[in-house]
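Below: one structure, written as C-alpha coordinates.
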Amino acid sequence: CEYDLIGDGCSVSFSASNTGSNASVFIYGSAGGLLNVGDSIGVFYMAADGTAQCAGASAWLGSTTQIVAFGDDGTTDEKDGLSPGDPYLMLAQSGDNVYLIEPSYVPPSMGLFSVDDISMIIGLEFQLACTVEYLGCTDALYLEYDSTANVDDGSCSTLIVTGCTDSTASNYLANANIPDGSCEYDLIGDGCSVSFSASN
(Lines give C-alpha, C1' and ligand atoms only; values in the text may rest on other atoms or scores of the structure.)
Protein backbone atom coordinates (compact mmCIF):
# COMPACT_ATOMS: atom_id res chain seq x y z
CA CYS A 1 0.00 0.00 0.00
CA GLU A 2 1.09 3.55 -0.67
CA TYR A 3 -0.31 6.60 1.05
CA ASP A 4 -0.08 10.33 0.45
CA LEU A 5 1.10 10.90 3.99
CA ILE A 6 1.92 14.56 3.54
CA GLY A 7 -0.63 15.89 1.07
CA ASP A 8 -0.06 18.77 -1.33
CA GLY A 9 2.55 21.36 -0.47
CA CYS A 10 4.35 19.31 2.20
CA SER A 11 2.08 20.74 4.89
CA VAL A 12 2.16 18.83 8.18
CA SER A 13 0.38 19.77 11.40
CA PHE A 14 1.81 18.41 14.63
CA SER A 15 -1.22 19.41 16.70
CA ALA A 16 -3.69 16.82 17.96
CA SER A 17 -6.99 16.82 19.83
CA ASN A 18 -7.37 15.21 23.25
CA THR A 19 -10.02 12.57 22.65
CA GLY A 20 -10.04 11.22 26.21
CA SER A 21 -8.27 7.93 25.51
CA ASN A 22 -4.56 7.63 25.00
CA ALA A 23 -1.36 5.63 25.13
CA SER A 24 2.25 6.68 25.64
CA VAL A 25 5.19 6.40 23.28
CA PHE A 26 8.64 6.94 24.79
CA ILE A 27 11.66 7.58 22.55
CA TYR A 28 15.10 7.11 24.06
CA GLY A 29 17.40 10.10 23.68
CA SER A 30 20.00 8.04 21.84
CA ALA A 31 17.45 7.36 19.08
CA GLY A 32 17.18 11.02 18.04
CA GLY A 33 19.59 10.82 15.12
CA LEU A 34 19.30 13.94 13.01
CA LEU A 35 16.72 15.62 15.26
CA ASN A 36 17.62 18.89 16.96
CA VAL A 37 16.20 20.05 20.28
CA GLY A 38 12.81 21.64 19.59
CA ASP A 39 12.10 19.72 16.36
CA SER A 40 8.60 18.26 16.05
CA ILE A 41 8.00 14.51 16.17
CA GLY A 42 4.63 12.79 16.27
CA VAL A 43 2.47 9.74 15.73
CA PHE A 44 -0.19 9.82 13.02
CA TYR A 45 -3.19 7.84 11.78
CA MET A 46 -4.62 7.49 8.29
CA ALA A 47 -7.65 9.69 7.64
CA ALA A 48 -10.43 8.83 5.20
CA ASP A 49 -8.78 10.98 2.50
CA GLY A 50 -5.57 8.95 2.69
CA THR A 51 -3.50 11.61 4.44
CA ALA A 52 -1.82 11.30 7.80
CA GLN A 53 -3.45 13.18 10.69
CA CYS A 54 -1.67 13.84 13.97
CA ALA A 55 -2.71 11.72 16.95
CA GLY A 56 -0.06 13.17 19.26
CA ALA A 57 3.24 15.01 19.05
CA SER A 58 6.02 16.51 21.08
CA ALA A 59 9.04 18.73 20.70
CA TRP A 60 12.24 16.67 20.68
CA LEU A 61 14.03 17.16 24.00
CA GLY A 62 17.42 15.74 23.08
CA SER A 63 16.81 13.17 25.78
CA THR A 64 14.04 10.63 26.40
CA THR A 65 10.89 12.20 24.94
CA GLN A 66 7.27 11.19 25.53
CA ILE A 67 4.49 11.41 22.97
CA VAL A 68 0.91 11.03 24.18
CA ALA A 69 -0.98 9.25 21.39
CA PHE A 70 -4.73 9.87 21.38
CA GLY A 71 -7.27 7.24 20.39
CA ASP A 72 -10.34 7.61 18.22
CA ASP A 73 -13.33 9.21 19.92
CA GLY A 74 -16.08 6.63 19.44
CA THR A 75 -18.82 9.21 20.02
CA THR A 76 -18.20 10.87 16.63
CA ASP A 77 -18.73 9.49 13.13
CA GLU A 78 -15.36 10.57 11.73
CA LYS A 79 -12.07 9.02 12.74
CA ASP A 80 -10.21 11.49 14.94
CA GLY A 81 -7.51 9.34 16.50
CA LEU A 82 -5.89 5.91 16.57
CA SER A 83 -8.05 2.78 16.67
CA PRO A 84 -6.94 -0.26 18.68
CA GLY A 85 -4.36 -2.17 16.65
CA ASP A 86 -3.47 0.79 14.40
CA PRO A 87 0.28 1.03 13.73
CA TYR A 88 2.03 4.22 14.80
CA LEU A 89 2.87 6.20 11.67
CA MET A 90 5.64 8.55 12.70
CA LEU A 91 6.68 11.84 11.12
CA ALA A 92 9.19 14.46 12.19
CA GLN A 93 10.09 17.92 10.97
CA SER A 94 13.60 19.32 11.29
CA GLY A 95 14.08 22.72 9.72
CA ASP A 96 12.41 22.71 6.30
CA ASN A 97 12.52 18.92 5.96
CA VAL A 98 9.74 16.48 6.85
CA TYR A 99 10.76 12.86 7.47
CA LEU A 100 8.90 9.57 7.52
CA ILE A 101 10.25 7.54 10.44
CA GLU A 102 10.75 3.81 10.82
CA PRO A 103 10.95 3.18 14.60
CA SER A 104 12.59 0.22 16.36
CA TYR A 105 10.62 -0.91 19.42
CA VAL A 106 11.52 -2.87 22.56
CA PRO A 107 10.21 -5.50 22.45
CA PRO A 108 9.83 -5.61 18.62
CA SER A 109 6.15 -6.58 18.95
CA MET A 110 5.27 -3.06 20.12
CA GLY A 111 4.17 -0.24 17.84
CA LEU A 112 0.40 -0.83 17.72
CA PHE A 113 -2.01 1.48 19.49
CA SER A 114 -3.76 0.17 22.58
CA VAL A 115 -5.43 2.39 25.19
CA ASP A 116 -3.25 2.94 28.28
CA ASP A 117 -0.38 1.00 26.67
CA ILE A 118 3.28 2.09 26.69
CA SER A 119 5.63 1.66 23.72
CA MET A 120 9.40 2.14 23.94
CA ILE A 121 11.42 3.21 20.89
CA ILE A 122 15.18 2.62 20.87
CA GLY A 123 15.95 3.62 17.29
CA LEU A 124 14.66 5.85 14.50
CA GLU A 125 15.43 5.59 10.79
CA PHE A 126 14.68 8.71 8.78
CA GLN A 127 13.48 8.90 5.19
CA LEU A 128 13.07 12.36 3.65
CA ALA A 129 9.41 12.76 2.70
CA CYS A 130 9.44 16.34 1.41
CA THR A 131 10.80 19.83 1.94
CA VAL A 132 8.44 22.56 3.10
CA GLU A 133 8.36 25.43 0.63
CA TYR A 134 8.55 28.98 1.97
CA LEU A 135 7.99 31.46 -0.87
CA GLY A 136 9.73 34.82 -0.97
CA CYS A 137 12.67 36.81 -2.30
CA THR A 138 15.79 34.66 -1.92
CA ASP A 139 18.34 37.19 -3.26
CA ALA A 140 20.11 39.08 -0.46
CA LEU A 141 20.97 41.91 -2.90
CA TYR A 142 17.34 43.11 -2.80
CA LEU A 143 15.38 45.01 -0.12
CA GLU A 144 12.63 42.38 -0.25
CA TYR A 145 15.03 39.57 0.77
CA ASP A 146 13.42 37.04 3.14
CA SER A 147 15.95 34.90 4.99
CA THR A 148 13.26 32.28 5.76
CA ALA A 149 12.33 31.75 2.10
CA ASN A 150 13.71 28.72 0.27
CA VAL A 151 11.78 29.13 -3.01
CA ASP A 152 12.04 32.38 -4.97
CA ASP A 153 8.63 33.75 -5.91
CA GLY A 154 9.81 36.63 -8.10
CA SER A 155 9.12 39.28 -5.47
CA CYS A 156 12.67 40.71 -5.58
CA SER A 157 12.26 44.16 -7.16
CA THR A 158 14.31 46.83 -5.37
CA LEU A 159 18.07 46.43 -5.64
CA ILE A 160 19.91 47.55 -2.51
CA VAL A 161 21.93 50.75 -3.06
CA THR A 162 24.02 51.97 -0.13
CA GLY A 163 25.08 55.58 0.29
CA CYS A 164 24.15 58.85 1.94
CA THR A 165 20.35 59.15 2.17
CA ASP A 166 20.23 62.59 3.87
CA SER A 167 19.21 65.18 1.27
CA THR A 168 20.86 67.97 3.31
CA ALA A 169 24.29 66.36 3.01
CA SER A 170 26.79 67.50 0.39
CA ASN A 171 27.25 63.94 -0.90
CA TYR A 172 23.54 62.97 -0.93
CA LEU A 173 22.89 60.01 -3.25
CA ALA A 174 19.34 60.21 -4.61
CA ASN A 175 19.01 56.52 -5.49
CA ALA A 176 20.45 55.22 -2.21
CA ASN A 177 17.97 53.28 -0.07
CA ILE A 178 20.28 51.98 2.68
CA PRO A 179 22.28 54.57 4.68
CA ASP A 180 25.94 53.66 5.06
CA GLY A 181 27.08 56.46 7.40
CA SER A 182 28.99 58.24 4.65
CA CYS A 183 27.09 61.56 4.72
CA GLU A 184 29.27 64.68 4.67
CA TYR A 185 28.12 68.20 5.44
CA ASP A 186 29.45 71.55 4.22
CA LEU A 187 29.12 73.19 7.64
CA ILE A 188 30.87 76.45 6.69
CA GLY A 189 29.67 77.16 3.17
CA ASP A 190 31.47 79.06 0.43
CA GLY A 191 33.99 81.67 1.48
CA CYS A 192 34.48 80.29 5.00
CA SER A 193 32.13 82.95 6.38
CA VAL A 194 30.84 82.24 9.89
CA SER A 195 28.77 84.57 12.07
CA PHE A 196 29.14 84.26 15.84
CA SER A 197 26.29 86.65 16.68
CA ALA A 198 22.95 85.47 17.94
CA SER A 199 19.61 87.14 18.51
CA ASN A 200 18.41 87.66 22.05
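Observations
- Table column - 3J(HN,Hα) (Hz), region 133-140, Karplus curve with 6.51, -1.76, 1.60, x for Gly and Pro: 9, 10, 7, x, 7, 9, 9, 5
- Taking amide H as placed 1.01 Å from N in the peptide plane, residue 56 has its amide H under 5 Å from the amide H of 43, 70, each at least 5 places away in sequence or on another chain.
- Label corresponding to log10 I(q)/I(0) by the Debye sum over Cα atoms at q = 0.10 Å⁻¹ when calculated from the structure given, among [x] -0.49; [y] -0.45; [z] -0.58: [z]
- Percent accessible area from carbon and sulfur atoms, the chain, protein chains only, probe 1.4 Å: 49 percent
- Taking amide hydrogens as placed 1.01 Å from N in the peptide plane, the amide H of residue 21 sits under 5 Å from those of 71, each at least 5 positions away in sequence or on another chain.
- Base-10 log of normalised Debye intensity for region 30-106 (one unit scatterer per alpha-carbon) at q = 0.13, 0.23 Å⁻¹: -0.41, -1.09
- Extension gain, residue 83-residue 64: 0.36 nm per intervening residue step, less the Cα-Cα distance, totals 4.3 nm.
- Residue separation of residue 167 and residue 49 scaled by 0.36 nm, minus their Cα-Cα distance, works out to 36.4 nm of gained length.
- Residue 129 long-range amide H proximity, modeled H, under 5 Å: 98, 99, 100
- The label-point distance for residue 11 and residue 75, in a model that sets each label 7 Å from Cα toward Cβ, rounds to 3.0 nm.
The values are calculated or read from the model by the stated rules, or taken from the named source; none is laboratory data. Small disclaimer: the values here were computed from a predicted structure and weren't measured. All Cβ positions, even for glycine, are placed from backbone atoms using ideal geometry, and neighbour counts span all protein chains on display. Surface accessibility is based on the protein's heavy atoms, side chains included, excluding ligands, DNA and RNA. Shrake-Rupley method; radii C 1.70, N 1.55, O 1.52, S 1.80 Å.
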